[in-house]
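J.: I have a structure here, written as structure tokens, and I will follow up with some questions on it.
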Amino acid sequence: MSYAQLFSRVKPVESLADDGSRTNLSRRLGLLPLVAISVGATLGTGIFVVLAEAAPTAGPAVVVSFVLAGLAALCSALSYAELAGSVPVSGSAYSYAYATLGELVAWICGWCLLLEYGVSVAAVAVGWGGYLNEFLRGTLGATIPEALSAPPGEGGAVNVPAMVVVLLATAVLLRGVRESAAVTTATTLLKIAVLVFFVCVALTAFRSENLAPFAPQGIAGISAGASAVFFSFIGFDAASTAGEEARNPKRDLPRAIMLSLGLVTLVYVVVAFAAVGAVGTDVLGGSDASLATALELVTGQGWPAVLLALGAVIAIASVVLTVLYGQTRILVAMSRDGLMPARFSQVNRRAVPAHNTLVVGAVVAVLAGVVPLSSLADATSIGTLVAFGIVNIGVIVLRRRKPDLERSFRTPLMPWVPLLGVALCAYLVAGLGWLTWAVFALWTLVGLAVYLGYGQRRSKLNG
């Protein structure tokens, strides 16, 4: 077998479906928990954390940046929905690529997903520390010292709160999928309630002059803002990682993906509009807990900010929990195919991949403790955009190769919607900085070395 044949060999859809039907994981999740997983993995990151990063760049037009990023995510979500209903297994985009574009592309996609999920968990955990300090300031009049609440390069030595929230999420995941889903559903409902409260209060102080100049850096600023806030949409695909723990995956996975993306986009746009209109982008960009700061300025009182900070502490912790869950399930699929060590797919008596979860939790906790937020967010965005591009191409390929495959959801306007998704992903990737590209290139080279040295030799397709 030539190297070209070796790298392009695909895993038959029938084999993937068989893996899903014989899974050792437990099928306990209905539509509501699946929606909660996707919303829980998404909602909160952009509004509670990344809004402060993007607002100074895009200006008030950061609202348009959210819309643009949402449209890019929508095209990919439609492709995800079709593939999730056709190949309902735990590997998400990795498994879809394996069935359509070959082992090497699948490996690269899986490697990108490890970057996306792992680094995004670390980034969200970093933002969690800012709101925890805001809550402690409002209730106890004290905060965690900067040396213990910020990474090196940002005035601290190690971000202890970020490490703690990752380890707490790891402990919850080890309890089992049912318990994790219950925590996710409760915290997702709480974060929606907190954001509705914020919008109601912020709109009472809305001033149209805060929207001018609307786009101080023009289209370039809006595009750069969209590239940054695209990080906020990471997670709508989290339901697809639960393909082997959903009770009716063919029906519920596509629904969960589309419902979660629609809800998250609506909330992001409304909250960003209310926040910018109330205090302006300078205030939002000058605080690690921007929404809490905005509420304090609007009301002139401390308790609304404390309430929002508490909601953010709980809500952002749920993002950490659900995204960490997604990463462990992708590793299960890669391990089962032989491309990762076998222990990553072994489950305990609670049907939890415990070894996998402990390793992921430890690595992500270290990242969260020592790497700055801005570096984490950009690295996550590029990994996500590459994975989304692969999924958009994969849905076209599978439609051509397997036209008669049972599909519970079909992407409309084929192939134009997936092609638009690829184009939008490429456009957003182009807006990322050279350092992000350098980190991604290094990550990809390391991934190729691991594949050639380990995965390619141990692949189950070798027979």
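The values are calculated or read from the model by the stated rules, or taken from the named source; none is laboratory data. All of these numbers come straight from a predicted model, not from anything done at the bench. Counting neighbours? That spans all protein chains shown, and the Cβs are built from the backbone with ideal geometry, glycine included. Note: areas computed on protein heavy atoms with side chains; ligands, DNA, RNA excluded. Shrake-Rupley method; radii C 1.70, N 1.55, O 1.52, S 1.80 Å.
J.: What is the sum of charges, Lys and Arg at +1 and Asp and Glu at -1, for the other residues whose Cβ falls under 10 Å from the Cβ of ALA99?
T.: +2
J.: Just in segment 82-181: which GluC sites (Glu not before Pro) are loop by DSSP and have at most 16 other Cβ atoms within 10 Å?
T.: For GluC sites (Glu not before Pro) across segment 82-181 that sit outside H, G, I, E and B with at most 16 neighbouring Cβ atoms in 10 Å, the list reads GLU154.
J.: Right, something else. So for the pair THR444, LEU71, with labels modelled 7 Å out along Cα→Cβ, what separation do we get in nm?
T.: Distance between label points: 2.6 nm.
J.: Given a 1.4 Å probe and heavy atoms of the protein chains only, how would you sort TRP303, TRP443, largest accessible area at the top?
T.: TRP303, TRP443
J.: Kirkwood Rh and Cα-based Rg: tell me the resulting Rg over Rh for the chain, rounded to two decimals.
T.: Taking Rg over the Kirkwood Rh, I get 0.96.
J.: Could you give the DSSP H helices of the chain that reach 15 angstrom or more along their long axis (alpha carbon positions) and whose average Kyte-Doolittle hydropathy is no lower than -1.0?
T.: Long hydrophobic helices here: 31-42, 62-86, 103-140, 160-173, 177-202, 218-229, 249-279, 303-336, 354-370, 373-401, 416-430, 434-450.
J.: Find the centroid of the Cα atoms in segment 220-253 and in segment 134-193, then give the distance between the two in whole Å.
T.: Measuring centre to centre over Cα atoms gives 22 Å.
J.: Counting only heavy atoms of the protein chains, get the accessible area per residue of the chain (1.4 Å probe) and round it to a whole Å² value.
T.: 37
J.: Pop out the carbon and sulfur fraction of the accessible area of the chain as a percent, whole number, probe 1.4 Å.
T.: 67
J.: For segment 206-268, what is the largest minus smallest coordinate of the Cα atoms on each principal axis, given in angstrom and ordered from greatest to least?
T.: So the extents along the principal axes, rounded to whole Å, are 51, 25, 12.
J.: Still on this model: For a distance above 16 Å, tell me the whole-number percent of Cα pairs in segment 98-143 that qualify.
T.: Result: 59 percent of Cα pairs exceed 16 Å.
J.: For the chain, what does the helix formula give at 222 nm: sum of -39500 (n - 2.57) over DSSP H segments with n ≥ 4, over the residue count, nearest 500 deg cm²/dmol?
T.: Per the formula, -23000 deg cm²/dmol.
J.: Using the Karplus curve 6.51 cos²θ - 1.76 cosθ + 1.60 with θ = phi - 60°, work out ³J(HN,Hα) for each residue of segment 237-244 in order, rounded to whole Hz, and write x for Gly and Pro.
T.: Result, ordered by residue: 7, 4, 4, 5, 6, 9, x, 9 Hz.
J.: LEU148 to LEU419: extension gain in nm, 0.36 nm per residue of separation minus the Cα-Cα distance?
T.: Gain on stretching LEU148 to LEU419: 93.0 nm.
J.: Sorted by accessible area with a 1.4 angstrom probe, largest first, how do ARG175, ARG336, ARG27, ARG247 fall?
T.: ARG247, ARG175, ARG27, ARG336
J.: Which FRET efficiency value, to the nearest 0.05, is calculated for LEU297 and ALA157 with the Förster distance at 25 angstrom and r the Cβ-Cβ distance?
T.: Given R0 = 25 Å and the Cβ-Cβ separation, E is 0.20.
J.: Find out how many positive minus negative residues lie around LEU34, taking Lys and Arg as positive, Asp and Glu as negative, among other residues whose Cβ is under 14 Å from that of LEU34.
T.: Charge balance near LEU34 sits at +4.
J.: Mind checking which lysines have their C-alpha under 20 Å from LYS402, skipping anything on the same chain fewer than 8 residues away?
T.: LYS11, LYS250
J.: Under a 5 Å amide H to amide H cut-off, with H placed in plane at 1.01 Å, what residues pair with SER149 once short-range neighbours are removed?
T.: HN-HN under 5 Å from SER149: ALA157, VAL158, VAL160.
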